[in-house]
Amino acid sequence: MKKLLIFLFTILFITGCNKMSSPTNEVEKLFINYNSLNSEVLIQLDSVLETENLTEVQKDKYKAILKKQYEDLKYSIISETINNDNAVVSVEIEVYNLNKAIADANKYFEEHKEEFYTNDEYDNEKFWNYKLDKMSNIDEREKYILELTLTKIDNKWHIDDLLESDRKKIHGLYKNEI
C-alpha cells in the first residue's frame, strides 16, 4: 500500500510539474482565478473600486457586477508561441458588454439630463445609480482576442503585466476605436 501511494504521488508530482511549466497553463490559471473569484482578484478589484467616487452602496453594486463578469467570463486558448524565454498565448474571451450599457446610459443622459438633476444641480449619485442599473441588467456579450505575453524566469512561466486594453476587455469596458 505504501509503495502504491509513493508511486501515485510521484506520478502526480511529475504530471503537475510538466503542467506548471506551460505558458498556456499559466494563462488558464489566470482565467480560473477570475472565474473562481480568487482572493487576489478580489483584492485588486477592491483597490480599483476605491479610486471611484461612489457611495458604499454603489461600490457594492459595481463590485457585484464585476464579480458576475468574472464568474461568467468564458475563454478559449487559441494558440501558444514560445521563443526561448518569451511566449505569447492568444486567448478568445467572451464577456458581458458593459461598455454598451455605459454608452446607452450616457446617451440616455444626453437626451434626458433633467432627470439627473436635484434642485437645479447635476446629481452624480443619481446618474451612477442609473448607469449601474443598466450595467447589472446587460445580457449582451462581446468577444475579444487577447495576446498575453509571458516570460520564463527560473524555469517558471510568468504572465507579464496586462495591458490596460486587455484589462478593459476582461471587464467588458473596452471601446473599439475605429
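Once backbone amide H atoms are built at 1.01 Å from N, Asn97 has Glu140, Arg141, Glu142 as its partners under 5 Å, excluding neighbours fewer than 5 places away on the same chain.
Convex hull volume of the C-alpha atoms in the chain, normalised per residue: 160 Å³.
Summarising the label geometry, the points placed 7 Å from Cα in the beta-carbon direction at Glu28 and Glu164 lie 3.3 nm from one another.
Around Gly172, what is the net charge, scoring Lys/Arg as +1 and Asp/Glu as -1 over all other residues with Cβ under 9 Å from its Cβ? Once positives and negatives cancel, what remains is +3. Helix 56-72 and the longest principal axis of the Cα set of the chain meet at an angle near 40°.
Counting only protein heavy atoms and a probe of 1.4 Å, the accessible surface of region 20-171 is 45% carbon and sulfur.
Couplings 3J(HN,Hα) for region 88-97, derived from phi with the Karplus relation 6.51 cos²θ - 1.76 cosθ + 1.60 (θ = phi - 60°), are 10, 10, 8, 9, 9, 10, 10, 9, 5, 7 Hz, where x marks Gly and Pro. Taking all Cα pairs closer than 8 Å and separated by 6 or more residues, the relative contact order of the chain comes to 26 percent. Placing Thr51, Thr81, Thr149 in order of accessible area, with the largest value first and a 1.4 Å probe, yields Thr51, Thr81, Thr149.
For the pair Lys113 and Lys68, label points projected 7 Å from Cα toward Cβ lie 3.1 nm apart. Helix 39-50 versus the longest principal axis of the chain: what is the Cα-based angle in degrees, 0 to 90, to the nearest 10? Between the helix axis and the principal axis of the chain, the angle is about 20 degrees. For region 53-178, the per residue solvent-accessible surface stands at 61 Å², with DNA, RNA and ligands left out and a 1.4 Å probe. Counting only alpha carbon atoms, the long axis of helix 124-136 and the longest principal axis of the chain meet at about 50°. Evaluated with a Cβ-only charge set (Lys, Arg +1; Asp, Glu -1), the chain carries a dipole of roughly 1140 debye about its Cα centre, given to the nearest 20. Spacing of the modelled spin labels on Ser21 and Ile77, each 7 Å from Cα toward Cβ, amounts to 1.5 nm.
Once you reduce region 36-112 and region 119-178 to the center of their Cα atoms, the two points are 4 Å from each other.
The values are calculated or read from the model by the stated rules, or taken from the named source; none is laboratory data. Bear in mind the structure is a predicted one, so any value in this text is a computation, not a measurement. No Cβ is skipped: glycine too gets one built from the backbone with ideal geometry, and neighbour counts run over all protein chains shown. Ligands, DNA and RNA are excluded from the accessible area calculation, which covers all protein heavy atoms including side chains. Shrake-Rupley method; radii C 1.70, N 1.55, O 1.52, S 1.80 Å.
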